[in-house]
Every structure is written in C-alpha cells, then in structure tokens.
Amino acid sequence: MTRILGIDLGTTNSSVATADDETPARSVAITQVVGPGEIGERPTLPSFLLLPSEHEVSAAQLQLPWSGPMKYAVGTFARERGAELPHRLVSSAKSWLCNPSIDRTAQVLPVRTREDTNDGERVSPVNASARYLAHLRAAWDDANDDAADECEVLVTVPASFDPVARELTVVAAREAGFDRVTLLEEPQAAFYAYLAARGEAWRKDLAAGDVVLVCDVGGGTTDFSLIEITNDGGSLALERVAVGDHILLGGDNMDLALSAIVQRDLGKELDAMQQRALVHACRRAKEQLLDTAAPESVPVAILGRGSKLIGGTLRAEVTRAAAEAMLIDGFFPVVAADAKAQRRRAGGLREMGLPYAHDPAITRHLAEFLARFGRVPSAVLFNGGVMKAAKVRARIVDSLNAWGGKPIKILEGADLDLAVALGAAHYGRVRRGKGIRIRGGTARAYYIGIESAMPAIPGFAPPVKALCVAPQGLEEGQAVELPDDELGLVVGEVAQFRFFAAATRKDDTAGTLIDADSDGLAELDPVEKQVDDATRTAGELVPVRLEALVTEVGTLELWCVARDGRGRWKLEYSVRERDA
C-alpha cells in the first residue's frame with residue numbers, strides 16, 4: 001500500500017502530512033536543528049536557509065541525524081540565527097521563485113547590498129526551494145521505513161502561480177530527489193482539509209448554490225479562490241470557479257511595516273544589515289502581538305555595529321495598540337464593495353527586490369476580486385498564518401457581511417499552519433476514490449502571441465493576436481489539438497515567444513484568436529528560445545500545428561508539430577535544471 005505525502009512548500013513555513021488508503025491524513029513532526037548542536041522536532045519547518053561561514057556557525061553545530069557536518073541549515077535555527085546574520089539568510093524563496101524580473105535559476109540569494117561582503121555561498125530560488133524539500137524528504141526517510149521517493153507525493157503551489165513558477169517547483173522537487181510529484185493549488189488543499197475534518201457533515205454546512213471564498217493570506221502571498229457547490233444529478237458537487245491574481249502581499253509586508261514603526265521610534269539611521277535584522281525581529285514581535293493572548297507590548301532588539309556590540313544594542317518596544325493600528329487598519333481597512341486596489345507605475349531604476357503589490361490593503365484586493373467575477377460568497381474558509389489573528393478574521397467577516405448584505409457562514413477548517421499539507425494528503429486519498437473531488441482544471445486560459453504576416457508600415461508595429469492554446473478548466477492529463485491554422489515556426493535562430501493568460505474568459509476555446517489587448521488578457525513574461533533542427537536552414541519558417549497538454553503533475557506543455565512529420569518541439573519556458 002503506497003503511502004501518500006502531502007507537502008506544503010510555504011513562503012514562511014513548510015509542513016508535511018501523510019495518509020494511506022485506510023488512514024486519514026495526519027501531520028508529521030519534522031526533525032531539524034533548533035539550536036547550535038541541538039536537534040528537535042517541530043510541527044513545521046520554517047522556510048529559511050542559513051548559509052553561514054565557519055566562524056559564524058561551525059559545520060558540526062549544523063549536523064543532522066542523517067548527515068555529517070553541514071555548511072548550511074534550514075528550519076528553526078536558520079530563522080533564529082538568521083535574524084542576527086541577515087546577510088547570510090535566504091527567506092521568501094517561494095516569492096522569488098515566481099518573480100519574472102530575475103533569472104530564477106541564477107544564484108541571486110541572499111540579496112546583497114554594497115555593505116555586504118562578497119564571500120559566502122549564494123543560491124538560486126530553485127535551489128533554496130530544493131533544499132527545503134530535500135530536508136523534508138531526508139527527515140521522513142530517517143523516521144520511516146518506506147522512503148519518500150516510494151510514496152505518492154503532492155506538493156502545493158499558490159493557485160495564482162503561472163506555468164513558469166509551477167514548472168520551477170517541479171524542477172526543485174526533482175533536485176530534492178522527488179522524481180514523481182503532483183502539484184495541487186493551496187486554496188483547494190485548504191478546502192480538502194476542511195472536507196477531511198468535517199467528514200460527511202460538510203453536506204450539512206453547505207447546499208447547492210453556495211459559493212465558498214477561500215481566503216488565503218500567508219507569509220508571502222494573498223490568494224483568493226471561489227468554490228461553488230452545485231447539484232449534479234441530485235448529488236452535491238464542487239467546482240473551483242474563480243482564482244485571483246498573484247498578489248505578493250502577506251505577513252512579510254507586515255513585518256516590514258512593523259520595522260518602519262520601530263525604526264521611527266529608535267530615531268536612528270540603520271544600515272542595510274541592521275534593517276534586515278530588524279525585519280526578522282519584527283516578525284517574531286508580530287506573531288506575539290496578533291495572538292489572542294497578546295501582551296501590551298513586545299521588546300525588539302538588534303545588535304549595533306562596531307566593536308561594542310553588546311553595549312551598542314538598539315532596543316525599542318512595539319505596543320499592541322500601535323501594531324493593531326498598523327496591521328489591522330493598514331492592511332485590512334474598511335472599504336466599499338466597489339473598491340479597487342491602487343496601482344502606480346513602477347520607477348525605471350530601483351533596487352533589486354521582490355515585486356510587492358503596490359496597494360497593501362488586502363480588503364481592497366478582495367473587493368476587486370469579487371467584483372471582477374460578479375460572485376457574492378455565502379461562506380468563507382480562512383487559510384494562511386496571517387489569518388490566525390482573530391481580529392484579522394473579524395475584519396474580513398465584517399467586510400463580507402457588509403458587501404453581501406447578509407451574514408456569511410464561517411467554515412471551520414483544520415489548523416491554519418497545517419491545513420494545506422493535510423489537505424494535500426487527503427487529496428491523495430480522493431484520487432484513489434476516497435472522497436469528493438473539486439472540479440475546475442486549469443485556473444486560467446493560456447494564449448500564445450501570433451505575429452501578423454502583413455507587410456511593414458512606417459510607424460506601426462505588426463499587430464499581434466493571442467491564440468488560445470489551453471482553455472480554462474483543462475484537466476490533468478487532458479490534451480487539445482488546435483485547429484489547422486496556417487502557422488510557421490522559425491528554426492535555427494533565437495526568437496521571442498509571447499504568452500498571455502486570462503482568468504475571466506471561460507468561453508474561449510482552443511483555437512480562439514483574439515486581439516492581444518482584449519479585456520481580461522494579461523501578458524506573462526516572454527520566452528526567448530532557439531528551436532534547433534540540423535536538417536533545416538537557419539531562419540527557415542516551418543509550417544506547424546500546435547498541441548497543448550496539462551501533464552499529470554499539473555504543468556502546461558505546448559508542442560509545435562511539423563506538418564511534414566520532420567520534427568516536434570516543446571515550447572517550454574526557460575527552465576534550466578541545475579545540478580544539486
């Protein structure tokens with residue numbers, strides 16, 4: 001009997017759950033370094049990677065039960081010690097993994113400033129993610145007889161992840177030693193955890209016509225999904241009907257906000273390293289101040305710079321009142337149902353960093369999401385570490401009640417730190433016929449840019465059309481062959497391919513051709529690729545037909561098939577697998 005492993009590869013914390021045909025999903029404690037030379041088990045693995053020098057932390061102190069001395073650490077100790085060594089700490093790797101502004105396979109982390117030394121290891125977002133997954137695999141193998149690579153493994157991703165980020169997650173899993181994984185959207189995993197926790201009682205909670213908002217606010221991202229309860233021949237069925245944009249907004253932004261308060265109170269200019277240390281210190285303060293039994297204030301301290309480190313320690317306090325004013329009213333303000341997220345044009349020259357959402361008001365993003373799809377939810381399921389705060393949940397509920405004009409049902413799910421992993425493990429059972437499945441397929445429709453063959457006109461660029469290659473709702477393992485349009489593929493030369501996506505164009509079918517600036521269409525980052533064929537002349541235009549496939553692991557493939565039968569090329573994104 002093959003075991004099931006559900007892995008939540010989170011921005012701030014990762015977790016693991018297991019199940020099998022006979023046993024419901026349960027969480028798994030994760031062995032990790034919790035102090036210098038100290039090993040312990042924790043419910044989650046903090047998604048932090050520490051890359052210290054030998055004089056900062058010795059390799060012997062990072063040794064794990066299944067390893068010799070280690071040059072890096074992931075987990076609890078990495079997070080805690082990393083607050084003092086921010087120039088050695090990789091955090092939010094998952095957010096970097098979906099950042100189209102960088103080469104996500106390049107060694108760009110930790111981000112360096114002019115004040116940082118150039119020594120020390122750096123990793124790519126893919127490799128950092130792979131190290132978290134490799135630790136989870138090794139911890140499982142050390143504690144269990146059946147190896148992780150012999151299990152059915154499901155790894156979760158945000159519903160808003162585009163095909164590039166999904167493919168990169170699979171690359172990271174392979175680098176970690178997982179040869180076979182299936183991807184599952186995190187909001188769906190949270191809903192599966194709710195189904196597992198409630199059993200058949202969910203049918204009393206919900207009825208045909210109900211629409212459930214899964215409101216997932218985690219450490220790095222905000223993710224909204226709508227799941228509709230439908231009547232399928234007298235039985236209740238579930239369908240994921242809407243997915244929001246990828247919003248880089250969550251607990252990380254709140255940490256930055258608290259650090260701004262502290263820095264103001266310190267009245268002292270901090271250098272780049274101190275600022276990063278302060279952000280990590282404020283992360284811990286935030287968790288305490290938003291807790292149900294929050295203290296009146298929490299002290300925050302960071303080391304000074306120079307020879308008198310202890311005497312030069314900078315100290316401040318963050319009060320509960322100040323934290324709530326900033327975090328509740330700043331990130332969850334009371335807004336109208338027709339509110340829209342504010343946007344501004346990005347500067348042409350800026351520091352390297354994550355492309356955070358311009359508007360920090362999560363309630364405005366939520367109002368805009370619901371208005372875009374024209375659906376009023378009748379129930380809400382919370383997920384993500386930020387939603388553990390009762391006052392945050394209350395503000396969301398009050399907003400939904402005001403927008404909908406009636407009280408919304410609050411669904412009680414699993415532990416917010418573990419729900420996604422538990423739901424992924426339960427989904428493995430569902431795939432084996434042990435429960436109800438959420439229908440929905442791909443969250444968006446995908447398109448490729450087709451350049452017109454019209455002659456050049458002074459002052460005008462050739463018009464570009466968007467050809468739908470994968471309609472919304474395409475299910476795992478399902479392939480589509482596009483109609484016989486006259487298309488040509490350039491071989492032997494580097495060419496740019498433009499891709500688009502749409503979450504609100506459900507009626508577009510494979511082969512639908514629309515203007516590239518049509519409503520609801522968003523352009524993804526382009527791909528530069530050279531299609532090689534030794535039997536053809538460089539620059540030759542080869543007549544092709546297109547085929548699209550959603551793989552069993554949940555990634556999208558697009559193939560160009562030569563009409564003369566002399567070639568078949570995959571238009572994959574620029575994913576370059578690196579050696580572990």
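Ranking of 70, 1 by solvent-accessible surface, largest first: 1, 70 (1.4 Å probe, protein heavy atoms only, all chains present). Applying the Karplus relation 6.51 cos²θ - 1.76 cosθ + 1.60 with θ = phi - 60° to the range 465-480 yields 3J(HN,Hα) values of 9, 10, 9, 5, 9, 8, x, 4, x, 5, 8, 3, x, 8, 10, 10 Hz, where x marks Gly and Pro. Couplings 3J(HN,Hα) of the range 374-379, computed from phi: x, 10, 9, x, 9, 8 Hz, in residue order, whole Hz [Karplus 6.51 cos²θ - 1.76 cosθ + 1.60, θ = phi - 60°; x for Gly and Pro].
Expressed as an acute angle from 0 to 90° and rounded to the nearest 10, what is the orientation of the C-alpha long axis of helix 163-175 relative to the principal long axis of the chain? Result, in degrees: 60.
Normalised by the empirical 2.2 N^0.38 Å for globular proteins, what value does the Cα Rg of the range 241-342 take? Write out the running numbers ahead of the final one.
Working: Rg = 16.2 Å, N = 102, 2.2 N^0.38 = 12.8 Å.
My calculation over the Cα atoms of the range 241-342 gives 1.27.
Residue 268 to residue 29: extension gain in nm, 0.36 nm per residue of separation minus the Cα-Cα distance?
Numbers: separation 239, 0.36 × 239 = 86.04 nm, distance 4.18 nm.
In short, 81.9 nm is gained.
Over all other residues within a Cβ to Cβ distance under 14 Å of residue 397, the charged ones net out to +3, with Lys and Arg as +1 and Asp and Glu as -1. For residue 13, the residues 5 or more places off, or on other chains, whose built amide H falls under 5 Å of its own are 47.
Round to the nearest 10 and give me the degree value, 0 to 90, for the angle of helix 125-143's Cα axis relative to the longest principal axis of the chain. On a 0 to 90 degree scale, this one is about 70.
Measuring against 27 Å, Cα to Cα, the residue pairs 94/465; 340/391; 388/409 contain 94/465 as the ones spanning a longer distance. Can you tell me the 0 to 90 degree angle between the C-alpha axis of helix 362-373 and the longest principal axis of the chain, rounded to 10? With both axes taken from Cα atoms, the answer is about 20 degrees. Under the simplified labelling scheme, the residue 494-residue 293 pair shows an inter-label distance of 6.0 nm, with each label point 7 Å from Cα along Cα→Cβ. Grab the beta carbon distance between residue 71 and residue 144, set R0 = 30 Å, and tell me the FRET efficiency rounded to 0.05. In this case the efficiency is close to 0.70.
Remark: the range 188-200, residue by residue, has Karplus-estimated 3J(HN,Hα) of 5, 4, 4, 5, 5, 5, 4, 4, 5, 5, 8, x, 6 Hz, where x stands for each Gly or Pro and the curve is 6.51 cos²θ - 1.76 cosθ + 1.60 at θ = phi - 60°. Length gained on full extension, residue 373 to residue 390, computed as 0.36 nm times the residue gap minus the Cα-Cα distance: 3.4 nm. Modelled label positions at residue 534 and residue 180, each set 7 Å beyond Cα in the direction of Cβ, lie 3.4 nm from each other. Under a 5 Å amide H cut-off, with hydrogens placed 1.01 Å from N, residue 184 pairs with 155, 156, 157 among residues at least 5 apart or on other chains. Here the simple spin-label model places points 7 Å from the Cα toward Cβ, and for residue 431 and residue 256 these points are separated by 3.6 nm.
With a cut-off of 14 Å between beta carbons, the residues surrounding residue 387 carry a summed charge of -3, where Lys and Arg count +1 and Asp and Glu -1. Among rounded, prolate and oblate, which fits the range 56-135 when a ≥ b ≥ c are the square roots of the eigenvalues of its C-alpha gyration tensor, a/c under 1.5 means rounded, and a/b larger than b/c means prolate? Because a/c hits 1.5 or more and a/b fails to exceed b/c, the range 56-135 counts as oblate.
Ligands, DNA and RNA left out, the 1.4 Å accessible surface of the chain is 48% carbon and sulfur atoms.
Extension gain, residue 523 to residue 122: 0.36 nm times the residue separation minus the Cα-Cα distance gives 141.3 nm. Taking the Cα atoms of the range 342-452, the ratio Rg/Rh between the radius of gyration and the Kirkwood radius comes to 1.04.
Based on the alpha-carbon gyration tensor of the chain and its eigenvalue square roots a ≥ b ≥ c, which shape applies: rounded if a/c is under 1.5, prolate if not and a/b is larger than b/c, or oblate? Before the final figure, lay out the partial values.
On the way: a/c = 1.44, a/b = 1.27, b/c = 1.13.
Note, shape of the chain comes out rounded.
The values are calculated or read from the model by the stated rules, or taken from the named source; none is laboratory data. Keep in mind that this is a model prediction, so the values were computed, not measured. Note that we place each Cβ from the backbone using ideal geometry, even for glycine, and neighbour counts take in every protein chain shown. To get the accessible areas, we keep the full protein, side chains included, count just its heavy atoms, and leave off ligands, DNA and RNA. Shrake-Rupley method; radii C 1.70, N 1.55, O 1.52, S 1.80 Å.
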